[in-house]
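The numbers here are math on the coordinates, done by the rules we state, and not lab data. Just so it is clear, the model here is predicted, and its values are computed rather than measured. When we count neighbours, we look across all protein chains shown, and the Cβ atoms used for this are built from the backbone with ideal geometry, even at glycine.
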Amino acid sequence: MARHEHRPEELYTGPIDLPGLRELAEAESEVDPPEITYDEQRYPARPRRLRPRDQLRRGGVRRRATDPRTANGTNPRYVEWLVNQSMLHDADVLAREVSGQPAMWRNPYARPDARRAIAATDVWFTAYPISLITRPGQSFLSALGEEQLWAAFERIGITAIHTGPVKRAGGIAGWVDTPSVDGHFDRISTQIDPTFGTDDQFRALCDAAEGHGGSIIDDIVPGHTGKGADFRLAEMGYKDYPGIYHMVEIQPEDWGLLPDVPDGVDSVNLDPATEHELAERGYIIGALQRVIFYTPGVKETNWSATAPVAGPDGVTRRWVYLHYFKQGQPSINWLDPTFAGMRLVIGDALHSLGELGTTALRLDANGFLGVEKSAEGLPAWSEGHPLSHAANHIIGGMVRKVGGFTFQELNLTMEDIRDTGAVGADLSYDFVGRPGYHHALATGQTEFLRLALTTSLELGVEPVQLVHGLQNHDELTYELVHWATRHADDEYRFRGSEITGGDLAELVRAELTESLTGTADYNRVFTQNGIACTTTSLIAATRRFARLDDITESDVPTIRDAHLLLCAYNAWQPGVFALSGWDLTGMLTVAPDEVADLVASGDTRWIERGAHDLLDVAPKATGSAAGMPRARSLYGPLPAQLDDPESFASRLSEVLELRRRHGIATATQVDIPQVAHAGMLVLVHRLDEGDPQAEAPLQVTVLNFAGEPTEGTVHSDHLTPGAEVIDEASGESVGTVDDLHSFSVSLPAYGAMFLLLEAPEPPEEPAD
């Protein structure tokens, strides 16, 4: 956003007319209440008593006429301006419109239902607003609503667009909007960002999708906001607004503990020593279980201190606030007595579903909604907390109650995914298999992937509950939280020996890092979270290309075949299949120096977010309207691809046609058998739509993650001897299941087979 020629920060730079200000009283009486003193022992796990007189510990209140352009709490017009654009204000209005209406009682809502959600839409296009190249003067939302695009999606088999974050994001400094610090996931408004279009254009997009049997999916962010009107009002101590956030007012006598805030910024991250001292004094709960986006000298803790802020009551305050992610993303408090944070989030959801017309909502980073002080000396409980489950239950239930569904971004343990999904979101991002299949491609070995998949089934996380995706706006995540945290000391059988979960996670991360970045400087490590890359640049690294310029046209078919293998893996199993514009056009990463201003803070993910042109509407454009530079495309735009039967998009349509025809999206996975060849993966499914009592055929997905042809045997006790094995892509027989419940297959490099078992005819009864 910082690269856009019409940046949000320029929206409010003109003269501002504030009628009525001159009618303000010149001055009012100064009130100096006597100082209230108290002596209070604070205990580590006990909040201070909520004594009303403690809350009155204030300095004198002085009201005075102010300059109309004054941007602080002493200007009533400024406060009013903030309130009118705050998310909490909008939420209260929306709630009153929905409350008491019969629509609130028409839908079941208590239990998540993955198959119901999948029945609505099961193949998603994941958009990223600032990276899409549009026609000159065309908005992002208008571009997504084009008839030509939806016709192409319908031919491919895509049934929904996940728009990505399109509402206003970033922050407010004075009267001026500031840019997003996290790709528009720091939301500050329920309104569509004018950079991407209008509310009406969003509604038109929903209508276009419906005309092609599709759906539109929006985002809500239940864990944090940006530093918009709501946060600025919270800093002022205005009404319910501090209750939105995990923020604590630091008493003036303790301001010496806080770091100085330099000019030009509004907060400073606490160092570990200050974090510890404030925890010892009972202000905050201290260190959390991990520091996401940890960067020395930038983010060393999850807490930051504000500069002094004047409130409407004349009091100047300093706060310490929690942010799981960046400083510009203050965390929402789901258990404040005002329930202001809950009201804000639910209001945002109602706006998307009721006002805009979306079908579903992505819950961004919804696993961090509860924090609690732990025993002395231990980090605060911040992951897998029961409050996160309760909050997600409320969000998921409310969305289902108004007829939609939700999916969650929950990068925690498999138990957390299972438990949160049992009451909350209908679907979850696949943090189980995604790093596993990347590792399989990087090493040519599927053992870790098979371990992840079998462990998932054993723990009650079925693939039908997951959104299996290729690239999105985020990094290739390899934190492997399941193995590295709760199961760090558990032992697993891997490569012929026993290894702990913690060592396994470290080994997989090391192998991914070496394979994808060791000789390929076009992919970059992203903090401690993973690797910034596109799917095609990942494949290029596994093919040992040292430079992207080394990729010639003759190399593209092999990269395309590996890409289609990953598509088949994700699409030929139960659950949702998702892919991006970067996948559809085969985009490579951009050179870091082309996004130098964006990666300067260490956020290397910007190299994977290059601009792309789906429909060839601006072939000479060097970037998107938002300023993202155009990356190199290996596959080209969709119209040309769909005219070529060997193109990525055309062959992808064949993969998705098999998925649709046989209803594998709602099937049941019954086995991930062992394999003789290291690069082979076998998945066995019952095409039963989740009904274990139904008479249903078996389907077998067979994949070769190795870069050379392979032959092997498929064995599973679920296979019926005598059943004929049919390759559904060709209609030809592959063989017959033998008495050992096995059959043989032969696959090319990066090959994939969609096999259907036809049960043998029962023997005829002898004639009487």
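In sequence order, region 239-250 has phi-based couplings of 6, 7, 4, x, x, 5, 10, 7, 9, 10, 6, 8 Hz under the Karplus curve 6.51 cos²θ - 1.76 cosθ + 1.60, θ = phi - 60°, and Gly or Pro positions carry x. Between the C-alpha center of region 716-765 and that of region 583-620 there is a gap of 44 Å. Within straight cross-link reach of Lys299, meaning Cα distance under 29 Å, which lysines are found once same-chain residues fewer than 8 apart are removed? Excluding near neighbours in sequence, the set is Lys167, Lys227, Lys326, Lys373. Looking at region 502-577, none of the chymotrypsin sites (Phe, Trp or Tyr not before Pro) sits in a DSSP loop with at most 16 other Cβ atoms within 10 Å of its own Cβ. Computed 3J(HN,Hα) for region 548-553, one whole-Hz value per residue from the Karplus formula 6.51 cos²θ - 1.76 cosθ + 1.60 where θ = phi - 60°, is 5, 5, 6, 6, 9, 4, glycine and proline marked x.
Per residue, the convex hull spanned by the Cα atoms of the chain amounts to 183 cubic angstrom.
Assuming a ≥ b ≥ c are the square roots of the Cα gyration tensor eigenvalues, decide whether region 67-130 counts as rounded (a/c under 1.5), prolate (otherwise, with a/b larger than b/c) or oblate. Oblate. Gain on full extension, evaluated as 0.36 nm per residue between Lys239 and Glu372 minus their Cα-Cα distance, stands at 45.4 nm.
In the chain, the sites counted are GluC sites (Glu not before Pro) in DSSP loop states with at most 10 other Cβ atoms within 10 Å, and the longest stretch holding none of them, exclusive of the sites, is 41-375. Ranked by the mean number of other Cβ atoms within 10 Å per residue, highest first, peptides 134-143, 624-633 order as 624-633, 134-143.
Here the contact order of the chain, divided by its residue count and restricted to Cα pairs under 8 Å and six or more residues apart, works out to 12 percent. An oblate overall shape is assigned to region 277-353, the ratio a/c of its alpha-carbon gyration tensor axes (a ≥ b ≥ c) being 1.5 or greater and a/b not exceeding b/c.
Of all DSSP bridge pairs formed entirely within the chain, close to 70 percent run antiparallel.
Quotient of the Cα radius of gyration of region 371-487 and 2.2 N^0.38 Å, N being its number of residues: 1.15.
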